[in-house]
């Protein structure tokens, strides 16, 4: 097996809660709590979970757009969390991000030309003619036209804006792109177009994606492997075939049973979870899922299950499987 | 599954990659947010009236020597408190000086005070506001508390205090007005920067590997300009009013400089005897301030995207 492009070990991001006149720290939200995974070159790793489970924070922490509290992020065998600012800036040409909201992620006062050429300029392409050509090339790569360059973001539709966002991310030929729910804000018909575009681009430019989404069918469509997150923790991680056919973790099972079936005649067993997602400010002891788990045991309340392999390439954090090892 | 089907369907129908129904002809011109704002502004009749008033006073200020037959400090004591006539268009004051001439030259003083005081306040206020908003933490604490202290005093009182320390003169009045207006711009810019800092396109700029300086200059500043312009226009009016107030109290321009506020103060004793001596400077102050406020309101409506529909 080749070496992974990205390795995340024990990534943590705790947001402090401050209150009172002097802003004393009175608690913390554990948005990402000890998440580990690795990404191989050329693969698409999907990350799914409910809103608020820490998917986006994980993605942004990897890029240090949110400074993680603890952990290790190794990109091509370098721990980027220890890099000084200048080095980190240089590295950003290899690690890009596509944002969720195409209406918020483009500067409304810049033309498309400026939006896409700015990363080129920052990373050393000083010749403005060269930049102009590259912008036009990129616009065509993402399915827009060269003459769109002089327009402003508000003159485009959501799908077109997302294409501009993708062109910006591609500008410096990155190796890894973190896609933070890139299609969640789009109409379903447009979603498919953007997903297809992203798949084409991956082949064309040998990209690696971390694809964050809450839509299970989108993740299934695009990913090679899928990780499931719950309350800031990774609970299951395996290939997409295994995950969708043979989910191990009770949470994954419940999640998958909620996917609607297009055929009304098919009777499907649905697992309805009790209650709500617990407050991440005060997560349950032991396994974070034990308060809602239909199969919870005594041990689940006390000991946090390890995120361990139960089969080849199939990691689960659940006591049900840890025992059998 | 579902999406796979959808994908195939789309490919079968051979839909073009450009989605939605947005106009897509090559001829469509680029509409910059500024040009759009200007279009909105032109539709606003009150703002146009404001522009006309200010333009009128600017022209009067520039061409004052051309249409006045007196000098602003020329005294004709025989014609003291002369009512408006052909000779003295707006009458003469208690020293027999032509009020029309003094109003025209006074426009120079007032517009200059407004311009320099607002520019000074805008530059320093914005700078401090950006520092406080972008870097946060103790820098924000320090700058914001200083602003709070300055805003705790009524602005005219603070201006009087500053002039009292520096000594009464037009320059010091101007300086005092600029200082008093710094926290107004500072707080505005700070709040704008704080809300922009959380915007996704700022995070995107950082993700591209831009330095703080570039993020501030190319992303934060251009998006804060609209409220700054609006505030500047409104402050222009306030600054002129404050200069007039200081002049009225004898802390601003010193005689014989024709300053509207000071002209009011000088004429106050003669209000029953010669009301025209008060009317002209009073109306001038009112009109200029009104003009700037109309422009400011119009600009606010034109540049605020929430007002559009």
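The values are calculated or read from the model by the stated rules, or taken from the named source; none is laboratory data. No experiment lies behind these values; they were computed from the predicted model shown. Note that each Cβ is placed from the backbone with ideal geometry, even for glycine, and that neighbours are counted across all protein chains shown.
Residue count for the stretch A:235-282 under the criterion of being touching a strand residue (DSSP E or B) at 6+ places or on another chain (Cβ under 6 Å), in contact (Cβ under 8 Å) with a residue 60 or more places away in the chain and closer than 25 Å to residue A:303 by Cβ: the result is 8.
Would you check if there is a residue in the stretch B:37-57 being within 14 Å of another protein chain (Cβ to nearest Cβ), on the phi > 0 side of the Ramachandran plot and either surrounded by fewer than 14 Cβ atoms within 10 Å (Cβ to Cβ) or part of a helix (DSSP H, G or I) (or both)? The answer is no, given that none of the residues of the stretch B:37-57 is within 14 Å of another protein chain (Cβ to nearest Cβ), on the phi > 0 side of the Ramachandran plot and either surrounded by fewer than 14 Cβ atoms within 10 Å (Cβ to Cβ) or part of a helix (DSSP H, G or I) (or both).
Do you know which of the residues in the stretch A:86-119 that are assigned to a loop (DSSP other than H, G, I, E, B) and in contact with a strand residue (DSSP E or B) (Cβ under 9 Å, 6 or more places away or on another chain) is farthest from the other protein chains (Cβ to nearest Cβ)? Selected residue: A:94. The strands (runs of 3 or more DSSP E) found wholly in the stretch A:1-79 and carrying at least 2 residues that are crowded, with 23+ Cβ neighbours inside 10 Å occupy A:6-19, A:24-39, A:44-48. Selection of the stretch A:199-210 for residues being within 17 Å of residue A:163 (Cβ to Cβ), in contact (Cβ under 8 Å) with a residue 60 or more places away in the chain and within 14 Å of chain B (Cβ to nearest Cβ) yields only A:201. Only one of the listed residues (A:256, A:243) is surrounded by fewer than 21 Cβ atoms within 10 Å (Cβ to Cβ) and closer than 14 Å to residue A:49 by Cα. That residue is A:256. In this structure, is residue A:55 touching a strand residue (DSSP E or B) at 6+ places or on another chain (Cβ under 6 Å) and under 28 Å from residue A:219 (Cα atoms)? Yes; evaluated as a whole, the condition is true for this residue. Scanning the stretch A:211-247 for residues that are over 24 Å from residue A:70 (Cα atoms), away from chain B (no Cβ under 14 Å) and touching a helix residue (DSSP H, G or I) at 6+ places or on another chain (Cβ under 7 Å) gives A:224, A:225, A:247. For residue B:177, the conditions (1) surrounded by fewer than 16 Cβ atoms within 10 Å (Cβ to Cβ); (2) within 16 Å of the chain's Cα centre (by Cα); (3) farther than 22 Å from residue B:226 by Cα all hold with the exception of (1).
Restricting the first member to the stretch B:59-78 and to residues that are in a loop (DSSP other than H, G, I, E, B), and the second to residues that are surrounded by fewer than 17 Cβ atoms within 10 Å (Cβ to Cβ), the beta-carbon pairs closer than 8 Å and six or more apart or on different chains are B:72/B:256; B:73/B:256; B:75/B:95. Residues in the stretch A:153-192 that are surrounded by fewer than 21 Cβ atoms within 10 Å (Cβ to Cβ), in a loop (DSSP other than H, G, I, E, B) and at the interface with another protein chain (Cβ under 7 Å from one of its Cβ atoms): A:157 alone. In this structure, residue A:195 does not qualify as surrounded by fewer than 24 Cβ atoms within 10 Å (Cβ to Cβ) and in contact with a strand residue (DSSP E or B) (Cβ under 8 Å, 6 or more places away or on another chain).
Any residue that is at pLDDT below 80 and in a loop (DSSP other than H, G, I, E, B) - is there at least one of those in the stretch A:307-323? Yes, that holds for at least one residue. Considering the stretch A:11-40, and only residues there that are touching a residue at least 12 places away in the same chain (Cβ under 8 Å) and more than 16 Å from the chain's Cα centre (by Cα), the residue that is farthest from residue A:306 (Cα to Cα) turns out to be A:17. Could we say that residue A:4 is more than 14 Å from every other protein chain (Cβ to nearest Cβ) and at pLDDT below 90 here? So residue A:4 passes the test. Count of the stretch B:159-174 residues, restricted to those that are surrounded by fewer than 18 Cβ atoms within 10 Å (Cβ to Cβ) and touching a helix residue (DSSP H, G or I) at 6+ places or on another chain (Cβ under 6 Å), is 1. Of the helices (runs of 4 or more DSSP H) lying entirely inside the stretch B:163-268, those carrying at least 3 residues that are within 14 Å of chain A (Cβ to nearest Cβ) and free of Cβ contacts under 8 Å to residues at least 40 places away in the same chain are B:200-207, B:221-248. Residues in the stretch A:120-145 that are at the interface with chain B (Cβ under 10 Å from one of its Cβ atoms) and either at pLDDT 90 or above or not in a loop (DSSP other than H, G, I, E, B) (or both) were compared, and the one that is surrounded by the most Cβ atoms within 10 Å (Cβ to Cβ) is A:120. Checked against (1) out of contact with any strand residue (DSSP E or B) (no Cβ under 6 Å at 6 or more places or on another chain); (2) under 27 Å from residue A:315 (Cα atoms), residue A:22 passes all but condition (2).
Is it true that some residue in the stretch A:236-247 is more than 18 Å from the chain's Cα centre (by Cα), in a loop (DSSP other than H, G, I, E, B) and under 30 Å from residue A:279 (Cα atoms)? So far as the stretch A:236-247 goes, yes, one or more of its residues are more than 18 Å from the chain's Cα centre (by Cα), in a loop (DSSP other than H, G, I, E, B) and under 30 Å from residue A:279 (Cα atoms).
Of all the residues in the stretch A:168-178, those that are within 15 Å of residue A:100 (Cβ to Cβ) and touching a helix residue (DSSP H, G or I) at 6+ places or on another chain (Cβ under 7 Å) number 3.
Annotation note: of B:92, B:104, B:204, B:176, the sole residue that is within 29 Å of residue B:61 (Cα to Cα) and touching a strand residue (DSSP E or B) at 6+ places or on another chain (Cβ under 8 Å) is B:92.
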